[in-house]
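This report refers to the structure that appears directly beneath it.
The values are calculated or read from the model by the stated rules, or taken from the named source; none is laboratory data. Since the structure is predicted, the reported quantities are computational estimates derived from the model, not experimental observations. As a convention, Cβ positions derive from the backbone with ideal geometry for all residues, glycine included, and neighbour counts pool all protein chains shown.
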Amino acid sequence: MHNSSKHDAPLLRVLVLTTLVQVIATAVALALAPIAPRAALGFGIDAHYVGYQISLIYMAGALGSALAGTLLQRHGAYVIEIVTLLLFAAGLVLLATSTLWIGIVASLLIGLGYGLQNPASSQILNAACPPAKRSVVFSIKQAGVPLGAVLASLSLPALDAAFGWQRTLAVAAIVPAALALKLWVDHRDAPHAPAARRSFRANFLAEQRLVWKSRPLLVLSLVGMVYSAAQLSLSAFIVLMLVEDQGWKLATAAAVGGALQASGAAGRVSWGWLADRAGSGFAILALIGLLSTTGLCALPFLMRLPVFLQVGLLVALGFSLSGWNGVAMSEIARFSPPGMTGQVMGGALVYTFLGVMMGPSSYALLYEVTARYDMTFACIAALTAAGGLASMAMALQRRTIAKG
């Protein structure tokens, strides 16, 4: 199989495909979060342990991202997309068993697929994307992350109430399996010329050298790590905060969580558009860090506000904190050597997965100390503050270089 060129894959078709894969990937990765109280009973664990399950997914995701460059060279981007979708389908079926050790295996399979899909999708998308539209196009694709979270947050509690969460997850596995079949039918005859075979270790080290030798790529990787840790903590625990700290009903809290994620989808596209207009992705990443830090620090005071202002603050937080990914990925593509977007993306996204691996689990540990979800969110605001400052420093440096 062969990666798309700028002339053989219309941008709209490729964008729809990669966005749909991203929606599925995120919905599968967060499948247990909106139904954590019910699913936890099935697995025989406390609800807040869902943070460790999500971290396990992203630990496997870091491995998948590290392997992605080598697999892309050997098999092509479309083959890797098909494999990731099949891994998602298998993971959902295994989670539906509600057996703890099988759930661990399921989480590892889902994480491996999640780590593979972004480099593959990025290589497909970047080949079809004009440079002038790169930020907004990648942001539209990455809007699939909050859209997938919305899908999970709004549909799974209702389907759980109607049919049970085990049956819901098992039936949902049909969606990624069906898309994998369509991709195989559409692209099974496409030619692919594998690159010279090198070991996984050699390719991984080569990708890391590319990242560490480029200061923009290194900063983007580290900013991705801290922003992703905060973002995934918000996605995983916002519903639990509203239920356990403020006494909201689960369905109402899940609906607000869905609204937060929907605003994140709008935020990603808006921030991407603004980055293209401003000509500085780093400046936009700095602004996102400032606004996100402010929103997270405000959460301990949420109960003092009227309900409509509480919802407004959460929606604004989702708009800012979920907006970084598309801008960062477009900047990674911008600074990647020609023809190596997938490999560099895989190397850089290892740090994003480290962030999401450490974020929810660190949040769960902090919760053991604070005993309140809102205070724990205020603690992790240190991460977004650090990312915003690093982005601001890089934006100023790039501006100085541009002025000569």
Check off (1) surrounded by fewer than 21 Cβ atoms within 10 Å (Cβ to Cβ); (2) in contact with a Phe, Trp or Tyr (Cβ under 6 Å, 6 or more places away or on another chain); (3) touching a residue at least 60 places away in the same chain (Cβ under 8 Å) for Leu100 and give me the number that stays unchecked. (3)
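Checking the condition among the hydrophobic types (A, V, I, L, M, F, W, C), within 18 Å of Pro146 (Cα to Cα) and surrounded by fewer than 24 Cβ atoms within 10 Å (Cβ to Cβ), which residue from Leu67, Leu71, Leu63, Leu20 passes? Lay out the reasoning, then the answer.
Values: Leu67 fails: within 18 Å of Pro146 (Cα to Cα); Leu71 fails: within 18 Å of Pro146 (Cα to Cα); Leu63 fails: within 18 Å of Pro146 (Cα to Cα).
Exactly one of Leu67, Leu71, Leu63, Leu20 is among the hydrophobic types (A, V, I, L, M, F, W, C), within 18 Å of Pro146 (Cα to Cα) and surrounded by fewer than 24 Cβ atoms within 10 Å (Cβ to Cβ), namely Leu20.
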Going residue by residue through the stretch 35-48, is there one that turns out to be modelled with pLDDT of 90 or more and either closer than 20 Å to Val171 by Cβ or outside any helix (DSSP H, G or I) (or both)? no
Could you figure out which of (1) within 16 Å of the chain's Cα centre (by Cα); (2) farther than 25 Å from Ser139 by Cβ isn't true of Lys249? (1)
How many residues are aliphatic (A, V, I, L, M), surrounded by 23 or more Cβ atoms within 10 Å (Cβ to Cβ), under 16 Å from Leu17 (Cβ atoms) and in contact with a Leu (Cβ under 8 Å, 6 or more places away or on another chain) if we restrict to the stretch 130-150? 1
When you look at Ile124, is it surrounded by 24 or more Cβ atoms within 10 Å (Cβ to Cβ), in contact with an Asp or Glu (Cβ under 8 Å, 6 or more places away or on another chain) and in a helix (DSSP H, G or I), yes or no? yes
Identify, by number, the condition in (1) within 18 Å of Thr384 (Cβ to Cβ); (2) buried (at least 24 other Cβ atoms within 10 Å of the Cβ); (3) hydrophobic (A, V, I, L, M, F, W, C) that Ala265 doesn't meet. (1)
Which count do you get for residues in the stretch 337-350 that are of a type in the set (S, T, N, Q) and either touching an Asp or Glu at 6+ places or on another chain (Cβ under 6 Å) or at pLDDT 85 or above (or both)? 1
Out of all the residues in the stretch 17-33, is one or more over 13 Å from Ile110 (Cα atoms), of a type outside the set (A, V, I, L, M, F, W, C), assigned to a helix (DSSP H, G or I) and more than 17 Å from the chain's Cα centre (by Cα)? no
Counted residues, the stretch 227-264 - those being farther than 16 Å from Leu32 by Cβ and without any contact (Cβ under 8 Å) to a residue 40 or more places away in the chain: 5
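Among residues belonging to the stretch 264-283 that are hydrophobic (A, V, I, L, M, F, W, C) and modelled with pLDDT under 85, point out the one that is nearest to Leu151 (Cα to Cα). Working first, answer last.
As a first pass, look at the stretch 264-283 and keep what is hydrophobic (A, V, I, L, M, F, W, C): 265-266, 269, 271, 273-275, 278, 282-283.
Keeping just the survivors that are modelled with pLDDT under 85 gives 265, 278.
Numbers: Ala265: 12, Ala278: 32 Å.
Among residues in the stretch 264-283 that are hydrophobic (A, V, I, L, M, F, W, C) and modelled with pLDDT under 85, the one nearest to Leu151 (Cα to Cα) is Ala265.
Considering only the stretch 210-241, state which residues are aromatic (Phe, Trp, Tyr) and either touching a strand residue (DSSP E or B) at 6+ places or on another chain (Cβ under 9 Å) or buried (at least 24 other Cβ atoms within 10 Å of the Cβ) (or both).
Just the residues of the stretch 210-241 that are aromatic (Phe, Trp, Tyr), to begin with: 212, 227, 237.
Across the stretch 210-241, the qualifying residues are Tyr227, Phe237.
Step by step: first the residues of the stretch 338-374, then only those that are closer than 30 Å to Leu67 by Cα and of a type in the set (Ser, Thr, Tyr), then the one that is surrounded by the most Cβ atoms within 10 Å (Cβ to Cβ). Which residue is that? Outline the logic, then answer.
Narrowing the stretch 338-374 to residues closer than 30 Å to Leu67 by Cα: 338-365.
Checking which are of a type in the set (Ser, Thr, Tyr) leaves us with 341, 351-352, 361-363.
Numbers: Thr341: 25, Tyr351: 20, Thr352: 32, Ser361: 22, Ser362: 19, Tyr363: 26.
Per the criteria, the residue is Thr352.
Look through Leu296, Leu313 and report the one residue that is under 18 Å from Asp374 (Cβ atoms), part of a helix (DSSP H, G or I) and more than 20 Å from the chain's Cα centre (by Cα).
Details: Leu296 fails: more than 20 Å from the chain's Cα centre (by Cα).
Going through Leu296, Leu313 in turn, just one is under 18 Å from Asp374 (Cβ atoms), part of a helix (DSSP H, G or I) and more than 20 Å from the chain's Cα centre (by Cα): Leu313.
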Conditions (1) touching a Ser or Thr at 6+ places or on another chain (Cβ under 8 Å); (2) not in a helix (DSSP H, G or I); number of the one not met by Gly247: (1)
Subset of the stretch 375-404 (residues that are surrounded by 21 or more Cβ atoms within 10 Å (Cβ to Cβ), of a type outside the set (Val, Ile, Thr) and within 30 Å of Leu240 (Cβ to Cβ)): Phe377, Leu383, Gly387, Gly388, Ser391
In the stretch 352-381, how many residues are free of Cβ contacts under 8 Å to residues at least 40 places away in the same chain, in a helix (DSSP H, G or I) and not charged (D, E, K, R)? 5
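Please indicate, with yes or no, whether at least one residue in the stretch 76-89 is charged (D, E, K, R) and either part of a helix (DSSP H, G or I) or buried (at least 24 other Cβ atoms within 10 Å of the Cβ) (or both). If you could, list the steps in order and put the result at the bottom.
Of the stretch 76-89, the ones charged (D, E, K, R) are 81.
Narrowing the set further to residues that are either part of a helix (DSSP H, G or I) or buried (at least 24 other Cβ atoms within 10 Å of the Cβ) (or both) leaves 81.
Yes, the stretch 76-89 contains a residue that is charged (D, E, K, R) and either part of a helix (DSSP H, G or I) or buried (at least 24 other Cβ atoms within 10 Å of the Cβ) (or both).
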